[in-house]
Structure formats: structure tokens, C-alpha cells
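A.B. asks: Take this structure, written in C-alpha cells, and hold onto it; I'll ask about it next.
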Amino acid sequence: MFLFTEKIGNSQLFNILFIMRTTIVISFLPVLTTTQALQDAWLASIITFFLSALCVYLIGRLALIFPDKSIIQYSQELLGSWPGRLFSLFYPGLFLFMGATDLRIYGELLRSVFLPETPLIVIQSSIVIAAVMVVYAGLEPLGRMADLIFPVFTLSILFTLLFPVVEADFGNLQPVLYNGWRPVLFATLTPVAIIAQYAHLTMLIPSVVEPQKALRSALSSLLWASLILVFAALIVVAVLGADEGARAAFPVFKLIRAIRISEFLERIEAFPTFAWGLGLFITLSVNLYSLSKGLSQLCRLKNHRHLLLPLAVILSTLALQGYSDFLEIRSFFKPQVAAPFVFFLLLFPLAVLWTAYFFKKKDSVF
Amino acid sequence: MSIKSGLLQKLARVLLRKIKNTRKPNAKKTDWKPKELPGLGDFNDLSQREKAFQDLPLSNRLEDNLQLFRQVTGESYDVNIQEFQSGPEKVPAALLYIDGLVDTNALEITLHSVKVDIFLTNMDEVHKKNIFETTRRRLLSVIESRTTGNMAELYYGISIGRTALLFDGTARALICETQGWNVREVSEPSAEASIRGVREGFVESIRTNTSLVRRRIRSPNLWIESMEIGSLSKTELAFAYIKGLVGEEILGELRSRLKNIKVDGILGSGYIEDYISDNPCSLFPSLLSTERVDRVVGNLLEGRVAIFVNGSSFALIIPAGFDSFLQAPDDYFEPFPLGAFIRVLRYISFFIALFLPGIYVAVLTFHPELLPVPLLLRIQAAREGVPFPVVVETLFMEIVFEVLREAGVRLPMIVGPAISIVGALVLGDAAIRAGIVSPGVVIIVAFTAIASFTIPSFTLGLAARILRFLMLFLGAAFGLLGVQFGLLVLLIHLVSMRSFGYPYMAPFAPFIWGDMKDSLVNLFWWKQVYRPKLLGYREPRRQPPGQKPQQPGKKE
């Protein structure tokens with residue numbers, strides 16, 4: 001009688017997307033570290049928001065035309081059975097790739113900050129096993145985990161960013177637009193590419209309680225995450241200086257290490273690391289969920305849980321083998337590399353689907 | 001020698017009995033023939049016996065009935081059969097009851113009416129044919145009574161303290177309410193102490209318990225359903241709820257789960273808990289058991305169901321969420337800021353009780369750089385000369401403490417404090433002086449122990465005690481990463497749990513802002529306008545808003 005509905009509330013969708021976005025964007029602050037925007041990183045963050053919002057709108061709007069279907073299902077409806085399947089392979093591939101990259105970044109972060117002698121596989125397993133467990137338990141527990149993690153995560157991040165304010169030197173933010181608009185616009189490319197995370201909307205919307213409000217939840221989560229990003233970019237540049245911030249691997253952690261509140265509170269980076277672990281757990285679980293759910297729909301399997309374990313193994317292996325060290329991840333996130341790659345995976349199928357939709361609409365099928 | 005003679009005596013006795021038995025039918029000649037009862041012989045096993053007397057009809061003859069009754073109950077010494085003759089026609093009659101279960105006064109009244117008062121009635125009415133009806137209608141009107149024509153029903157009646165009255169010539173029995181046995185007095189529950197709370201706690205009698213609840217909720221919409229569970233023990237079980245407030249699906253689920261219980265005996269509400277719990281393998285309790293009347297009433301008013309089991313002073317409350325296990329009565333009887341403060345303190349203590357040893361071991365083993373240098377130096381200096389790694393030290397002290405705690409519970413009240421003095425002071429102090437453990441570990445373990453004592457629910461405390469060891473191992477093996485993993489797995493387990501459809505971690509996950517008023521903190525009573533969203537959804541408002549008291553003449 002108590003049916004286990006695989007539903008998540010709209011606020012849970014907001015929490016999930018907010019945590020995912022903030023986790024990745026804060027961790028290595030791509031607006032600052034990937035290009036030479038330097039002290040204008042905060043400006044780049046603002047522009048990032050508008051460009052990302054456009055992408056999210058494109059993704060979400062199409063998904064809302066088929067509120068009870070995932071992208072795997074409606075692409076088959078729009079393009080026909082076999083071309084549809086071919087095009088819907090893009091998104092699981094994207095999820096797999098993003099999950100692996102996020103996982104590797106987390107491993108590198110923990111290895112560099114806390115556990116220099118621990119093998120990467122151990123660090124990664126601690127998150128992957130938990131993620132597999134929660135996806136196995138279902139989407140509902142996943143949404144609830146997001147509910148639990150959201151306040152802890154947000155408070156930790158805010159404290160991390162607010163503590164250093166005492167040491168901020170806002171003179172570091174000048175001169176504004178010293179190199180003109182070009183590097184600023186260039187710096188937005190990578191963070192906008194990371195908006196590929198919102199492709200999860202196409203898998204999550206069928207499970208949302210009120211799908212019509214899902215796009216609004218997604219956009220507001222993007223807005224709040226962007227505010228935090230702007231704030232982080234400001235604080236990092238103000239405290240560390242633009243050059244040092246851009247050179248650091250993980251600027252926010254460098255920031256928190258650099259400050260001493262008092263004799264006693266000197267090494268508080270455990271808190272952001274903890275928050276980051278929780279955030280990555282959510283990110284990875286959603287990736288695993290979308291991946292297994294997508295593949296099971298593609299192959300018309302009844303239960304996506306059977307795919308979970310093999311996919312988790314593939315994902316961890318990819319995370320281990322995909323990059324040789326952190327420098328490689330960093331060079332991958334250069335806008336020249338990351339943006340075309342991700343935009344191809346993300347926007348090309350989207351463009352095809354939109355076109356197909358308009359043609360079909362003309363033929364008044366819908 | 002003595003053994004041999006004993007054996008000889010026994011042999012002789014057996015032989016004698018055999019001779020007697022063979023002679024018995026010849027010696028005692030009556031026209032009465034023992035009715036052959038399949039299934040009630042000496043060599044019939046329990047299930048056959050239970051089945052045999054289930055639907056035995058009573059007979060017209062008193063002798064038959066008594067013989068039957070003796071076959072059913074055997075020679076149980078507490079079962080009394082009082083035979084007498086009633087009325088001017090000297091109709092043979094018998095009173096059946098069990099000693100110790102009946103109220104002697106009520107028994108006296110019954111006897112008096114059938115022996116003496118019967119002469120006050122009309123002669124016609126006490127004729128053998130209608131003496132039964134007369135007694136029922138006219139004589140026993142003071143005492144509540146019912147009739148039955150079934151041996152099983154008769155026996156179950158007297159087994160809860162009723163008295164059966166049988167007349168010759170009537171194939172039915174009169175069951176009179178004469179219950180009256182000793183029950184423990186209503187007293188303050190010792191396991192759930194409170195400072196300003198209600199001092200009444202439940203007792204082992206189900207009637208007393210339901211009456212305690214009924215006295216506090218006088219609405220006719222307090223419904224109490226009852227059923228019997230246990231093929232042999234026939235334990236009475238009742239569940240109380242407020243009709244129209246509780247979701248019917250919860251009640252339906254509860255009824256079906258209770259009906260599915262097939263067991264020989266129920267000795268306490270813990271048995272029921274095992275049978276109807278949603279998460280039997282979980283360390284965390286999914287039913288709230290309490291001895292406090294105010295707690296049960298408060299939960300009923302929120303739209304939950306309370307289950308009472310006869311013979312147990314613990315009521316079970318369903319559905320229960322995680323937050324109900326960290327509520328204590330005093331939160332509600334103290335004004336808002338104080339009650340809220342101790343509530344928050346309890347949540348923090350729960351996390352300390354779970355994680356502190358694990359974090360201590362993890363930090364000292366893997367991340368000593370996280371500690372401020374003076375503190376680290378201090379700890380390291382104190383650890384100088386300790387021959388074990390931190391984890392062994394901590395594990396050792398934790399085990400010592402757990403053993404001490406268990407010993408303190410098992411020992412009689414008078415010896416308890418002595419043990420804690422020996423354990424805590426002597427053992428702890430000696431261990432430090434001998435250099436086996438460092439003072440830091442003792443501080444951590446002691447603080448963890450004290451924190452775990454603040455958890456109001458014993459079951460939840462147990463869960464924390466067991467999981468603490470798990471966190472300790474994870475911390476020792478993988479550092480803070482391991483503790484984080486443990487936390488995640490624990491949370492995943494908690495959020496996937498449900499108690500009768502109610503999400504276990506509500507209102508934290510799923511997050512319900514409106515229910516926060518009574519979870520992490522509890523606000524003023526006049527602020528708690530709505531019932532918990534997932535429980536009292538049928539009648540969400542419990543009071544009109546805006547009842548904040550104001551000083552006279554002062555305007556908002």
C-alpha cells in the first residue's frame with residue numbers, strides 16, 4: 001500500500017543542482033584558474049551566469065515538452081527509433097565522463113591536502129561506494145540526502161568564504177578590465193561548459209513532483225550558485241591576489257589555509273573539505289543515477305539497479321586512468337579544450353532534437 | 001543406600017498406583033460414563049489438546065460439564081470448583097473460578113445471590129427449567145454478566161478473572177465479571193525521569209493504562225481497538241488513536257500486521273515491536289516505546305497510534321521518526337528557550353557519542369596537523385611511553401567502559417555506585433599511572449560516555465554505542481575520510497528507512513520547514529499552530545494562530 005514512488009520534490013531538485021554546481025565550480029574556481037581573466041574573474045562569473053542560464057533554458061524547455069519522459073525516450077520519439085538511440089548515447093557518455101572527472105578532481109584534492117600517501121583508489125572508493133548505495137536505495141533517498149547535506153554544505157562553504165573577509169584587500173580587484181573584454185569572455189567558456197551538469201535535468205524531470213516548476217528550480221539554483229561563485233572569485237582575488245589565485249590548484253583551499261583567525265583556529269580546511277566530500281557524493285550519485293537509468297532505458301531494462309555496480313567500476317577506472325595527474329586535468333579545463341569538447345556532447349544532440357521538434361511541430365504531430 | 005531405598009519406594013508407589021488405576025472403575029460405580037473426548041488424553045500433545053477443546057459445547061448435565069472442565073484444566077490447584085445446590089428445588093449448580101484472579105467481594109455477592117437471594121423470588125421462576133434465566137435477569141443484575149455455551153469461551157472467561165456459574169439442566173454458563181487482582185501501583189517511570197513532567201507512568205495492566213490515557217483525552221473520538229495475540233498466552237493488546245486524525249492507511253497497515261502475528265506467547269511490547277517493525281535488521285528503532293503517559297497522549301494528539309500490550313508497562317508509538325527519539329518530556333514543560341536549548345544540546349551529544357572517538361583516533365593517526373601545535377604537543381607528551389597505537393588504547397578504554405556500564409545495570413542498586421567508583425576511578429587512574437593508556441583517551445572516552453547518557457531513548461543509545469565502534473575502526477583505517485564514509489552510509493541508511501510509511505528522517509529529510517518547530521528545537525506552544533504535516537494532514541490546524549500573550553494596554 002505504501003508505494004515506493006521514485007519521486008523527488010522541487011526543493012530537492014533545487015538542492016541537488018545547487019550542490020552539484022557549487023561543488024565543482026568552487027573547488028578549482030575555473031573562472032580564475034583556467035585563463036588570464038585575473039582580477040576580473042568576478043565579472044566573468046556574472047557573465048557565466050547569463051550564458052549558463054541560456055543553456056539551462058534550452059535543456060529544460062525541451063525536457064518540459066515531454067514532462068514524463070527522459071531524453072532517452074523522447075529523442076526516440078522525435079528522431080525515430082534507431083537515430084534516436086544513437087543521439088541519446090551522447091548524454092550517458094557525458095554523464096560518465098563528468099562523473100569520472102569530478103571523482104578524479106576530488107581524489108587529487110584530498111591527496112594534495114590531506115592524505116598524501118593514500119592511494120587514489122581508496123579515496124575514490126569511499127565516495128563511489130556510498131554513491132552506489134544511495135542510488136541502489138532509490139531516487140527518493142537521494143533527494144533526502146540532498147536535503148540533509150544542503151544546510152551543512154552551504155554553511156560550510158559560506159563560513160569558508162566569510163572567515164577570510166577580515167584579511168581581504170579589495171585593492172587587489174583593480175584595475176577593472178585592464179586587458180579589455182576578450183580574456184573575460186574567454187574565461188567564461190569553461191564554467192559555462194561545466195553547465196553540462198544541468199543535463200541531468202533531462203533525466204530527473206520525469207521524477208519531479210511538479211515538472212512544470214522544475215525549470216524555475218533549476219534556474220534559481222543556478223542563480224544562487226552563481227552568487228556564491230561571484231563571491232568566491234571576489235574573496236580569492238582580494239585575499240590572495242589575482243596571480244597567486246590563478247596559479248593555485250585549488251584556490252579556495254589555499255585561501256582557507258592562508259588565514260588564521262586566532263591561535264586556536266588555524267587549520268580549518270577540514271570543514272570545506274568535508275563539505276566538498278558531501279557535495280561530491282551528491283554529484284556522483286546523480287551521475288550514477290542518470291547513467292544507469294539512461295542506459296537501462298536505452299536497453300529497455302526493467303531495473304536500472306543491475307547496471308549500477310559495473311558502471312561504478314567503469315567510472316572509477318576511468319577516473320583513475322583518464323588523467324595521469326592533476327596538471328592534465330588542468331590543461332583539459334583550458335577553454336580551448338574543454339569548451340568544444342563539452343559543447344559538442346551537450347549542445348549538438350540538443351540542437352538536433354530542437355530542430356526535429358520544430359519540424360515535427362510543423363507537421364502538427366504534437 | 002538412601003538412593004536405593006528411594007528407588008524402591010518409587011517402584012512400590014508406581015506399582016500401587018497401577019493397581020489402583022485398574023481397580024478404580026470397578027470400585028466407583030456410577031451411572032455416569034466419562035464421555036470419550038478425542039484429543040484430551042494424557043498422550044495427546046499440546047496442539048491436539050488446544051484444538052480439542054476449542055469448540056466443545058456444554059452439555060445439559062452439570063456432572064458432564066464439570067467432568068469436561070476437569071479434563072480440560074487438569075488438577076490445577078488454583079482452579080476452584082465450588083458445587084452447591086440452589087433454590088428451593090435444590091438445583092445442582094457450580095461456580096468455577098481461578099484463585100487470585102477474582103475479587104473476593106464480587107465472588108461473595110455472586111454466591112450470596114444464587115444461594116440466599118434466590119429464595120426471595122417467585123417459586124415458579126426458580127424451577128429447574130428457568131433458574132438460569134432468573135439468575136441472569138433478576139439476581140445478578142448488579143454484576144455484569146454474559147452467557148456462553150462453549151467450553152473454550154468459559155475457560156477464557158475465568159482465565160481473566162471472571163466467574164462461571166453452571167446450573168444443572170441448562171447447557172449454558174453464566175460468566176460474571178468478578179475480576180480483581182493485584183497490580184502494581186501507578187508510579188513514576190524510573191527509566192524516563194523528568195523534572196516537571198507528569199509523574200504517572202504505565203503499569204502492567206492494560207486496563208489501567210488505557211484508563212490513564214482516557215482520563216487525559218476525554219473526546220469520544222479517542223478510539224481503542226483491542227485484539228488477542230498468542231495462541232497460548234492469549235495476550236490482550238489494544239491500540240489507541242484519535243479517529244479522524246490518524247491516516248486510515250496507517251491503521252489498516254497496523255491491523256494487517258498485527259493480525260499476521262502467529263506466536264505462542266507475547267511477554268512484552270518488545271515482541272510486538274519485532275513483529276511489526278519496518279526495518280527489523282536496522283540498529284535504529286522504528287517504534288517508540290515509552291512508559292510515560294504524557295508522551296503517549298502528546299503523540300496521539302499529533303496523529304500517531306499507541307499500542308498497549310497487557311503485561312508490559314511500555315506502550316509503543318507508531319509511526320516514529322528519528323526526532324522522536326531525541327525528545328525528552330522536559331523539553332515541553334520548560335518554556336521555549338530553555339527547552340529548545342536542551343534539545344539542541346541533546347542532538348549535539350548524539351553526534352559526539354557517535355563520532356568523537358572515531359574522529360580523535362583519525363586526527364591523531366592521520367591528520368595531526370589539524371590540531372593547534374600547543375594542543376598536539378600536550379597530547380603527544382601525555383602519550384609518551386604508552387606502548388599502544390591510539391586506536392588500541394581507545395578501543396581498550398571503550399570496552400572497559402562498556403563492560404562497566406553493563407555491570408552497573410545488572411548489579412543491584414546498592415552495589416551499583418561501588419562498581420562505578422572502582423571502575424571509573426580506580427581502573428582509569430591505575431591505567432594512566434601504569435602508562436597503559438594516556439589521559440587524553442580517558443577524557444575522550446569519558447566525555448563520549450557522558451554524552452551518550454543524554455540520549456533519552458535507550459534503544460537509540462544502544463545504536464550509537466555499537467556504531468561508535470564502527471566509526472572508530474573506520475577512523476583508524478582511513479582517517480577522517482573513513483569517518484566521512486561512515487557518516488554517509490549511516491545517513492543513507494537513515495533516509496531510506498520508513499516507519500509505517502512515515503519517512504524516518506522527517507522533517508529533516510524530506511525537509512519540511514513547517515515541522516521544524518518541534519524537531520531540532522521546540523517553539524512556544526502558541527507558535528505550534530499546525531500538526532506535523534505527514535501525520536496530522538487530515539486536520540492540519542491544532543489551534544488558531546496569534547495566541548501570543550500580551551501585556552494589557554500594550555499594542556502590537
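The values are calculated or read from the model by the stated rules, or taken from the named source; none is laboratory data. Computed from a predicted model, the values in this text were never measured in an experiment. All Cβ positions, even for glycine, are placed from backbone atoms using ideal geometry, and neighbour counts span all protein chains on display. Note: accessible area is taken over every heavy atom of the protein model, side chains too, but ligands, DNA and RNA are not part of it. Shrake-Rupley method; radii C 1.70, N 1.55, O 1.52, S 1.80 Å.
A.B. asks: For the structure I just gave you, tell me whether A:Phe348 is away from every other protein chain (no Cβ under 13 Å) and within 16 Å of the chain's Cα centre (by Cα).
C.D. replies: So A:Phe348 fails the test.
A.B. asks: Further, regarding this structure: Filter segment B:516-538 down to the residues that are more than 15 Å from B:Asp331 (Cβ to Cβ), open to solvent by less than 50 Å² (accessible area, probe 1.4 Å) and under 29 Å from the mean Cα position of the chain (by Cα) and list them by number. Steps first, answer last, please.
C.D. replies: The initial filter retains those residues of segment B:516-538 that are more than 15 Å from B:Asp331 (Cβ to Cβ), namely B:526, B:529-538.
The next check asks that each one be open to solvent by less than 50 Å² (accessible area, probe 1.4 Å); those that pass are B:529, B:531-532, B:535-536.
Scanning segment B:516-538 gives B:Arg531, B:Pro532, B:Leu535, B:Gly536.
A.B. asks: Across segment B:239-276, what is the number of residues that are of a type in the set (Gly, Ala, Ser) and within 14 Å of another protein chain (Cβ to nearest Cβ)? Steps first, answer last, please.
C.D. replies: The initial filter retains those residues of segment B:239-276 that are of a type in the set (Gly, Ala, Ser), namely B:240, B:244, B:247, B:252, B:256, B:265, B:268-270.
When the remaining residues are screened for being within 14 Å of another protein chain (Cβ to nearest Cβ), the result is B:247, B:252, B:256.
Count: 3.
A.B. asks: I would also like to ask the following. I'd like to know if segment A:219-232 contains one or more residues that are within 14 Å of chain B (Cβ to nearest Cβ) and not basic (Lys, Arg).
C.D. replies: No, the conditions are met nowhere in segment A:219-232.
A.B. asks: Let me ask something else. Which one of these does A:Val134 not meet: (1) within 14 Å of chain B (Cβ to nearest Cβ); (2) out of contact with any Pro (no Cβ under 8 Å at 6 or more places or on another chain); (3) aliphatic (A, V, I, L, M)?
C.D. replies: (2)
A.B. asks: Would you check which residues across segment B:192-228 are part of a loop (DSSP other than H, G, I, E, B), open to solvent by 90 Å² or more (accessible area, probe 1.4 Å) and free of Cβ contacts under 8 Å to residues at least 40 places away in the same chain and list them?
C.D. replies: So in segment B:192-228, the residues part of a loop (DSSP other than H, G, I, E, B) come out as B:192-200, B:202-205, B:217-221.
Now narrow it down to the ones that are open to solvent by 90 Å² or more (accessible area, probe 1.4 Å): B:195-196, B:199, B:218, B:220.
Those that are part of a loop (DSSP other than H, G, I, E, B), open to solvent by 90 Å² or more (accessible area, probe 1.4 Å) and free of Cβ contacts under 8 Å to residues at least 40 places away in the same chain: B:Arg199, B:Arg218, B:Pro220.
A.B. asks: Let me ask something else. Is it fair to say B:Leu462 is within 11 Å of chain A (Cβ to nearest Cβ), in contact (Cβ under 8 Å) with a residue 40 or more places away in the chain and part of a helix (DSSP H, G or I)?
C.D. replies: no
A.B. asks: Tell me the helices (runs of 4 or more DSSP H) entirely within segment A:124-195 that contain at least 1 residues that are farther than 27 Å from A:Ile59 by Cα.
C.D. replies: Correct list: A:139-162, A:181-187.
A.B. asks: Next question. If you take the residues in segment B:369-423 that are touching a Pro at 6+ places or on another chain (Cβ under 6 Å) and touching a residue at least 40 places away in the same chain (Cβ under 8 Å), which one is most open to solvent (accessible area, probe 1.4 Å)?
C.D. replies: The selected residue is B:Ala382.
A.B. asks: A follow-up question, please. Kindly evaluate B:Gly482 against the criterion of being open to solvent by less than 40 Å² (accessible area, probe 1.4 Å) and within 11 Å of chain A (Cβ to nearest Cβ).
C.D. replies: Yes: the conditions hold for B:Gly482.
A.B. asks: Something else now. Which residue out of B:Ser499, B:Ser452 is among the small types (Gly, Ala, Ser) and either within 14 Å of chain A (Cβ to nearest Cβ) or crowded, with 23+ Cβ neighbours inside 10 Å (or both)?
C.D. replies: Checking each option against the conditions leaves just B:Ser499.
A.B. asks: Please verify whether segment A:325-337 includes one or more residues that are open to solvent by less than 70 Å² (accessible area, probe 1.4 Å) and assigned to a loop (DSSP other than H, G, I, E, B).
C.D. replies: There is at least one residue in segment A:325-337 that is open to solvent by less than 70 Å² (accessible area, probe 1.4 Å) and assigned to a loop (DSSP other than H, G, I, E, B).
A.B. asks: Identify, from the list B:Glu291, B:Glu273, the residue that is in contact with a Gly (Cβ under 6 Å, 6 or more places away or on another chain), modelled with pLDDT of 90 or more and charged (D, E, K, R). Step through it out loud before you land on a result.
C.D. replies: Values: B:Glu273 fails: in contact with a Gly (Cβ under 6 Å, 6 or more places away or on another chain).
Only one candidate passes the filter, namely B:Glu291.
A.B. asks: Continuing with this model, one more query. For B:Ile109, work out the one condition from (1) open to solvent by 80 Å² or more (accessible area, probe 1.4 Å); (2) at pLDDT below 80 it doesn't fulfil.
C.D. replies: All conditions pass for B:Ile109, except number (2).
A.B. asks: If you don't mind, there's one more thing I want to ask. When the residues of segment A:258-295 are narrowed to those that are within 11 Å of another protein chain (Cβ to nearest Cβ) and open to solvent by 40 Å² or more (accessible area, probe 1.4 Å), which ends up modelled with the highest pLDDT?
C.D. replies: If we take residues in segment A:258-295 being within 11 Å of another protein chain (Cβ to nearest Cβ) and open to solvent by 40 Å² or more (accessible area, probe 1.4 Å), then A:Phe274 is modelled with the highest pLDDT.
A.B. asks: Shifting gears a bit: When you scan segment A:49-57, do you find a residue that is touching a residue at least 40 places away in the same chain (Cβ under 8 Å) and more than 20 Å from the chain's Cα centre (by Cα), even just one?
C.D. replies: no
A.B. asks: Something else now. In contact (Cβ under 8 Å) with a residue 60 or more places away in the chain, under 23 Å from B:Leu523 (Cα atoms), open to solvent by 40 Å² or more (accessible area, probe 1.4 Å) and in the same structural domain as B:Glu228 (by TED's automatic domain parsing): which single residue out of B:Leu245, B:Leu283, B:Leu301 fits that description?
C.D. replies: Details: B:Leu245 fails: open to solvent by 40 Å² or more (accessible area, probe 1.4 Å); B:Leu283 fails: under 23 Å from B:Leu523 (Cα atoms).
Matching residue, one of B:Leu245, B:Leu283, B:Leu301: B:Leu301.
A.B. asks: Name the residue, out of A:Leu17, A:Leu62, A:Leu13, that is in a helix (DSSP H, G or I), open to solvent by less than 10 Å² (accessible area, probe 1.4 Å) and within 14 Å of chain B (Cβ to nearest Cβ).
C.D. replies: A:Leu13
A.B. asks: Which one of these is touching an Asp or Glu at 6+ places or on another chain (Cβ under 8 Å), open to solvent by 10 Å² or more (accessible area, probe 1.4 Å) and within 14 Å of another protein chain (Cβ to nearest Cβ): A:Lys7, A:Lys69?
C.D. replies: Matching residue, one of A:Lys7, A:Lys69: A:Lys7.
A.B. asks: Looking at A:Glu117, A:Glu77, can you tell me which residue is open to solvent by 10 Å² or more (accessible area, probe 1.4 Å), without any contact (Cβ under 8 Å) to a residue 40 or more places away in the chain and closer than 30 Å to A:Arg216 by Cβ?
C.D. replies: Answer to the check: A:Glu77.
A.B. asks: Can you pull out every residue in segment B:395-453 that is assigned to a helix (DSSP H, G or I) and polar (S, T, N, Q)?
C.D. replies: Once the filter is applied, which keeps residues that are assigned to a helix (DSSP H, G or I) and polar (S, T, N, Q), segment B:395-453 yields B:Ser420, B:Thr448, B:Ser452.
A.B. asks: A:Ala249 versus (1) over 21 Å from the mean Cα position of the chain (by Cα); (2) modelled with pLDDT under 85; (3) outside any helix (DSSP H, G or I): which is the lone unmet condition?
C.D. replies: Exception for A:Ala249: condition (1).
A.B. asks: Looking at A:Glu210, A:Glu140, A:Glu167, A:Glu108, which one is of a type outside the set (Lys, Arg), open to solvent by 30 Å² or more (accessible area, probe 1.4 Å) and at pLDDT 85 or above?
C.D. replies: When all the criteria are applied, what remains is A:Glu210.
A.B. asks: For A:Ile24, all conditions in the list (1) at pLDDT below 90; (2) open to solvent by 10 Å² or more (accessible area, probe 1.4 Å) hold save one; what is the number of the exception?
C.D. replies: Here A:Ile24 meets the rest and fails (2).
A.B. asks: Then there's this: Return a yes/no flag: does segment A:46-58 have any residue that is open to solvent by less than 10 Å² (accessible area, probe 1.4 Å) and closer than 20 Å to A:Lys360 by Cα.
C.D. replies: no
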